[in-house]
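What follows is one structure encoded as structure tokens, with my remarks underneath.
The values are calculated or read from the model by the stated rules, or taken from the named source; none is laboratory data. Computed from a predicted structure; not experimentally measured. So basically every Cβ, Gly included, is an ideal-geometry build from the backbone, and we count neighbours across all protein chains shown. The accessibility values were calculated without ligands, DNA or RNA, using every heavy atom of the protein model including side chains. Shrake-Rupley method; radii C 1.70, N 1.55, O 1.52, S 1.80 Å.
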Amino acid sequence: MNYDFARIEKKWQEIWEREKPYRAENDSKKPKFYGLIEFPYPSGQGLHVGHPRPYTAMDVITRKKRMDGYNVLFPIGYDAFGLPTENYAIKNHIHPAVVTHDNIANFTNQLKMLGYGFDWDRVVNTSDPDYYKWTQWIFLQMFKRGLAYKATMSVNWCTSCKVVLANEEVVEGVCERCGSEVVRKEKSQWMLAITKYADRLIDDLDDLDFIDRVKTQQRNWIGRSYGAEVDFGTTKGDKLRVFTTRADTLFGVTYMVISPEHPILDSWADAISNLDEVREYQAAAAKKSDFERTEINKDKTGVEIKGVRAINPVTGDEIPIFISDYVLATYGTGAIMAVPGHDERDWEFAKKFNLPIIEVVAGGNVEEAAFTDCDTGILVNSGFLNGLPVEEAKKKIIQWLTDKGLGEQKVNFKLRDWVFSRQRYWGEPIPLVYCDKCGWQAIPESELPLKLPNVESYEPTDDGESPLAKMTDWVNTTCPCCGGPARRETDTMPNWAGSSWYFLRYMDPHNDSEAVSKSAEEYWGPVDWYNGGMEHTTLHLLYSRFWHKFLYDIGVVHTKEPYAKRTSHGMILGQNPHYVGNVESEAEKQALIDKYGNLALRPSVKMSKSLGNVVNPDDVVKEFGADTLRLYIMFIGDFEKTATWSSTAVKGCKRFLDKVWNLAEKQIPGDESYSAANSAIVHRTIKKVGEDIEQMKFNTAIAALMALVNAYSDNKPSRGDIKALLQMLSPFAPHIVEELWQMQGFKGYAAASKWPEFDEKAMVESERELAVQINGKLRATVTVPADSDDDTVIAAVKDNEKVKRQIEGMEIVKTIVVKNRLVNLIVKPAR
């Protein structure tokens, strides 16, 4: 009988749907294991092959944990709110709720098609009122404790889309989506005070089993730095305050730079002689995103503020002040002191504007280049700091500034408070009302969820307000404090809100009286292993850690951190249709380079519709089966690195499953012990596969299983040999394994059986088959006890009938024995 994967996979998926073997129990006496993946945004395109890589990996891990005796929680849900769904709905004139419903149905079918062991009774959907009731509840707790507040800030505004854009969506002053002009607008936004948790978000990383690059990215994003705030007087009689980590270099400050948005500029307007030039520069800077402005390699631009100068607090010298767009109003104080002798950017700026450059840490030639290797060294040209090492000079200058009232020691962070409101429709309503008498007030918790009303028009408005603002019947309400008239907040929450706590809801998804019960959270928390993309390290991962710490502070959860372990995976790339290696002649190669530039030099690239290299998992499953796709996606390469999809290699994984089928399709009689011939490799493979799964070395685990199957081809497997193979293959290819398990007559599910144990002693083979060469050519094989001495081996070789015939009439000149591997007899005709 042929391996009919379509029939087999349909059969077992229906059984799993009916019998729910992957359901987690909240009151189990077993040890728990909570494996988590990043729940998908349900796009209209459905799954692509990038999704199955992390999903299959955690499915393999959790299946192995079940076989190790754990009560496993492996849940799934949908991150359904947010801008992508709304944009799709606007483009196709379909309500976002309808789009979300249909996309979730499609995603669910695809995920079940791949045979994942999710607990489907725990599915969450962030756009479901029963779910976002608790998202709103958490926000209200933050509001009541002062962590949610309103602030007016400058935002990117697309003049065509009529919407606030993220920095990443602004390219060279225009909207990435429509190409229209982007301007800076002042807008009132809800903020979450994540900066109050900055120290804890850094310090608590030390106790977590996160891969190093994740920890590094989080530390860099939060950006804690130790230094001082220093006051520079001005010729206007006021002060400019800067933050610096290098107060020891104050004697080298030859100019200052402030951001174009710095509020002090307005107070200087009457004294600035080139005000028109300053205003023109401010307008140009307002069209650039923060990312463009701080690009390291961009040309440095700026305008000197004529009419006002700063005063260096340690020298008393007057120094010029510039505005430049590389200084952001949102970072630090919006003003910097420039030390061109020891900072490359400051040096380039100083050279461009012909400003003085002073060496204050000995070691380089500052006229030729900034001397930046100055974390250690001796101070020069620095008055009372001369001759001091850098670290001593830092302490002395900060003490001097403090004593003089010119500054103070300070810890600064790059991290900014989280902008939490969106002027869009498809998001959680913010459960607050504004009363002219009482100000902002929380709605009573008994009124949660505050449901998103159904609107006829969910497109962005010309005035930048949310579409909800038009719904006066919904907006106008009463103040819960005084009973007077009030207006609902019409901004909605960002798509990051629902994903900041979803892992907790999985623990207790049907609880209608609290976000998660104490008993469920204390049993399941924290998440034991969370795998996700590196692109979410500094947004979702940081935000969810922040929310969890807040919930810990108010007693909702019992752990400081949500995830005990965090790993990440590499992207799956598609083959490049424009790669020069696809053509033969030099003319064809050059034509590709001329047309596509550097793209033509890359054999593999990110999958995209425009390149036509997107691989749909549905197509792969239809042609080869879900188990083949699962196996290949784990065999494709190092899990933490990028890998390139290969249709040819997929076929190789299908051939491997065909071999497994042919070995096990007929019931093998006998007991369940291992055969003598295969025992050692079975034990070695059990050890190898088990350890590799734990270390996410899925490709080498599968390679070991392939080697085992090859051994079975040479030495007929026993019933026990086949059972061990099926158990080890089960996490990777569950459908074919359950079918063969049933055909062999083993009890229960393979997935519910106990992971086989290995014996270190049994891993060493008791006998070895040695190749026998005569004058370097293979002539026979002999079997001898493992680690036999040379005399025993030579005796066995001479006793072999084939060898006897080959050396008849010959004289053995020399014998070469390679222990446990081969024997070579050097012979010549006998005299």
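What the table below lists for this structure:
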read-out: Among 758, 180, 89 the positive-end extreme of the charge dipole of the chain (Cβ point charges); value: 758
read-out: Accessible area of the chain belonging to carbon and sulfur atoms, whole % at 1.4 Å probe; value: 49
read-out: Listed peptides 415-427, 491-503, 575-587 by packing density, highest first (mean Cβ within 10 Å); value: 491-503, 415-427, 575-587
read-out: Å² of accessible area per residue within the stretch 1-133, as computed with a 1.4 Å probe and no ligands counted; value: 39
read-out: Cα-Cα over 28 Å, subset of 351/395; 150/470; 64/666; value: 351/395
read-out: Cα centroid separation - the stretch 477-491 against the stretch 612-667, whole Å; value: 58
read-out: Inter-part distance where the stretch 688-750 and the stretch 110-167 are each reduced to a Cα centre, Å; value: 42
read-out: 13 Å beta-carbon shell around residue 20, net charge (K/R +1, D/E -1); value: -2
read-out: Net charge, residue 524 excluded, C-beta distance under 12 Å - Lys, Arg +1, Asp, Glu -1; value: -3
read-out: Length added when fully stretched, residue 789-residue 456, from 0.36 nm per residue minus Cα-Cα; value: 111.1 nm
read-out: Difference of contour (0.36 nm per residue) and Cα-Cα distance, residue 512 to residue 434; value: 25.3 nm
read-out: Percentage relative contact order, the chain, counting C-alpha pairs under 8 Å, at least six apart; value: 13
read-out: Highest average packing first - 771-781, 555-565, Cβ atoms within 10 Å; value: 555-565, 771-781
read-out: Loop-located chymotrypsin sites (Phe, Trp or Tyr not before Pro) in the stretch 349-415 whose Cβ has at most 16 other Cβ within 10 Å (DSSP); value: 353
read-out: Anchor residue 687: aspartates and glutamates whose Cα lies under 13 Å away (excluding residues fewer than 8 positions away in-chain); value: 757, 759, 760
read-out: Relative contact order for the stretch 209-289, counting Cα pairs under 8 Å that sit 6 or more residues apart, in percent; value: 18
read-out: Taking N as its residue count, the alpha carbon Rg of the stretch 134-260 over 2.2 N^0.38 Å; value: 1.44
read-out: Cα gyration tensor shape of the stretch 453-577, rounded if a/c is under 1.5, else prolate or oblate by comparing a/b with b/c; value: oblate
read-out: Helix-derived mean residue ellipticity, 222 nm - over the chain, DSSP H n ≥ 4, -39500 (n - 2.57), to 500; value: -10000 deg cm²/dmol
read-out: For the stretch 171-228 versus the stretch 753-831, the gap between their alpha-carbon centres in whole angstrom; value: 66
read-out: Antiparallel bridges, percent of DSSP beta bridges restricted to the chain (to nearest 5); value: 75
read-out: Given charges at Cβ of Lys, Arg, Asp, Glu: the chain dipole, positive-most of 725, 598, 339; value: 725
read-out: Accessible area expressed per residue, the stretch 530-636, with surrounding protein chains retained (probe 1.4 Å, Å²); value: 43
read-out: HN-Hα J in Hz across the stretch 189-204 - Karplus 6.51, -1.76, 1.60, θ = phi - 60°, x for Gly and Pro; value: 10, 7, 10, 10, 7, 5, 5, 5, 9, 4, 4, 5, 5, 7, 4, 6
read-out: Cβ-based charge dipole, the chain, positive-most Cα from 302, 490, 448; value: 448
read-out: Solvent exposure of the stretch 377-473 as accessible area per residue, Å², 1.4 Å probe; value: 51
read-out: All-pairs alpha carbon distance profile, the stretch 740-831, 10 Å steps from 0, percent; value: 15, 35, 16, 13, 14, 6, 1
read-out: Cross-link pairs beyond the 18 Å C-alpha cut-off, checked among 641/697; 162/287; 777/814; 185/298; value: 185/298
read-out: Lys, Arg +1 and Asp, Glu -1 on Cβ, resulting dipole of the stretch 778-831 about Cα centre, debye, nearest 20; value: 320
